[in-house]
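Q: Could you have a look at this structure, given as structure tokens, before my questions?
The values are calculated or read from the model by the stated rules, or taken from the named source; none is laboratory data. The shown structure was predicted, so the numbers you read here are calculated from the model rather than taken from an experiment. Glycine also receives a Cβ, built like all others from the backbone with ideal geometry; neighbour counts cover every protein chain displayed. Just so you know, the surface numbers come from the protein's heavy atoms only, side chains and all, with ligands and any DNA or RNA stripped out. Shrake-Rupley method; radii C 1.70, N 1.55, O 1.52, S 1.80 Å.
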Amino acid sequence: MHSSHTNREREFRMKDEAEIEQQFLKGQKTEDLGVYCDLFSAKCGEGQDGGVVSALLAAGLEDGTFDWAVVVRGLGVNAEVVVAKNASDVYLARGTKYVKVNVSAKLKELIKEGKNKIAVVATPCEVKSIRKIQQTPKGQAEITVIGLFCFEAFNPTKLKTQIKSCLDVDLDKCQKTEIRKGKLNITLDEQIYSCKIKDLDQAAERACSFCDDFAARFADVSVGSVGSAVGYSTVIVRSKKGEQLVEKLNLDKLPVDVQEIAKLSKFKRIRAQKNLENLQNVG
Ligand SMILES: Cc1cc2nc3c(=O)[nH]c(=O)nc-3n(C[C@H](O)[C@H](O)[C@H](O)COP(=O)(O)OP(=O)(O)OC[C@H]3O[C@@H](n4cnc5c(N)ncnc54)[C@H](O)[C@@H]3O)c2cc1C
Ligand code: SF4
């Protein structure tokens, strides 16, 4: 009973995802990386890693590829979705906020206001919501989707409490947060405070343990750090639109460690599968 229900759900999801791939993406496909036509490592100035996301947004706004960019500003409980209209707005929103943010709601608002030519930066779950919006008759704006690699996100209030108790630091006052090699590193007044991600388990969003997309498989361009050297971004180009955007930057492309990305993608997919099966067995 449970397994036929699970199989039906899986079939439905696969059909849904195949439609998104067919409508928006181009290139070869692997189970772990998704559809892609280019994959490389690059650096473009300051940012969380290689600054590629901010550079793509700034270039697209400057040449009118899009007029609005949905980004996230502020750390911890102060993280909020804002609309950047120029490069300086974009650079104010640099850096990763390790929280789940509803950027698709802001996109819907912009579309409702009649805005066209919009770029959105989003975690993989939000990328999928954005593609669903684009498939509706009301979602016919010209949208560029930049996806971020994502293993998990945290509840901002719980994360703040947990960090206060582990490190005696106020998350909302920090300048930067970075997750690397199983540790969260927090920069505050030029000092770095670190704790193990394992110690922050209580603050992780529960929904993330059922999420099977690491590499933002349905974005026009996906960007992360896994697979690249420190200070560089891994870039996966997945569509014609993504290709045209990336071409604006005239990048020096370096090779990436594909196995590293594939390993984490697979790990996340299997974790989601197991957690879903456990949930259904209990139910
Ligand atoms: C919750 C989360 C978990 C992540 N986990 C991993 C991981 O496990 N491995 C990995 O390789 N990479 C992960 N990343 C991506 C990575 O941290 C960088 O965001 C990515 O490499 C881009 O770096 P950059 O220097 O090009 O970005 P920047 O040029 O600094 O630009 C970052 C852009 O992302 C936007 N942004 C920040 N936080 C969010 C958010 N929560 N939702 C939507 N937009 C946001 C900012 O507004 C900015 O426009 C994660 C990102 C998030 C948000
Ligand atoms: S792990 Fe999945 S559900 Fe959680 S924020 Fe990342 S993409 Fe969204």
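Q: What ranking do 186-199, 25-38 get when scored by the average of other Cβ atoms within 10 Å per residue, highest first?
A: 25-38, 186-199
Q: If packing is taken as the average number of other Cβ atoms within 10 Å across a peptide's residues, how do 86-98, 220-232, 264-276 rank, most packed first? Mind showing how you got there, number by number?
A: Values: 86-98: 18.5, 220-232: 21.5, 264-276: 16.1.
Result, highest mean first: 220-232, 86-98, 264-276.
Q: Quick one: plug the Kirkwood hydrodynamic radius of segment 84-145 (C-alpha pairs) into Stokes-Einstein at 20 °C, 1.002 mPa s, and report D in µm²/s.
A: Working: Rh = 12.4 Å.
Result for D is 173 µm²/s.
Q: Sort out for me the Cα centre separation of segment 138-172 from segment 75-134, rounded to whole Å.
A: 12 Å
Q: Moving to a separate point now. Among Lys138, Lys85, Lys43, determine the one that fluctuates most according to a GNM of the chain built with springs between C-alpha atoms less than 10 Å apart.
A: Lys138
Q: With a 1.4 Å probe and all protein chains left in place, how much of the accessible area of segment 1-132 comes from carbon and sulfur atoms, in whole percent?
A: Numbers: 3150 of 6480 Å².
It is 49 percent, rounded to a whole number.
Q: May I pose another question? Could you report the chain's accessible area per residue, 1.4 Å probe, as an integer in Å²?
A: Details: 14530 Å² over 283 residues.
Each residue of the chain exposes 51 Å² on average to a 1.4 Å probe.
Q: Tell me, what % of the accessible area of segment 193-245 is carbon and sulfur with a 1.4 angstrom probe?
A: 50 percent
Q: Pull up the DSSP beta bridges for the chain and report the antiparallel fraction as a percent, rounded to 5.
A: Working: 30 of 42 bridges.
Bridges in the chain that DSSP calls antiparallel: roughly 70 percent.
Q: Give me the aspartates and glutamates in straight-line cross-link reach of Lys164: C-alpha distance below 14 Å, same-chain residues under 8 apart excluded.
A: In chain and number order, the partners are Asp172, Asp199.
Q: Next question, about the same structure. Counting only residues 5 or more places away or on other chains, whose amide H sits under 5 Å from the amide H of Lys117 once H atoms are built in the peptide plane?
A: The answer is Glu142.
Q: What is the extension gain from Leu188 to Gln280, computed as 0.36 nm multiplied by their sequence separation minus the C-alpha to C-alpha distance, in nm to one decimal? Can you show the working numbers first?
A: Numbers: separation 92, 0.36 × 92 = 33.12 nm, distance 4.29 nm.
Full extension of this stretch gives 28.8 nm more.
Q: Something else: So which GluC sites (Glu not before Pro) in segment 80-153 are both in a DSSP loop and have at most 14 other Cβ atoms within 10 Å of their Cβ?
A: Working: sites: Glu80, Glu109, Glu113, Glu126, Glu142, Glu152; in loops: Glu113, Glu142, Glu152.
Answer in residue order: Glu113, Glu142.
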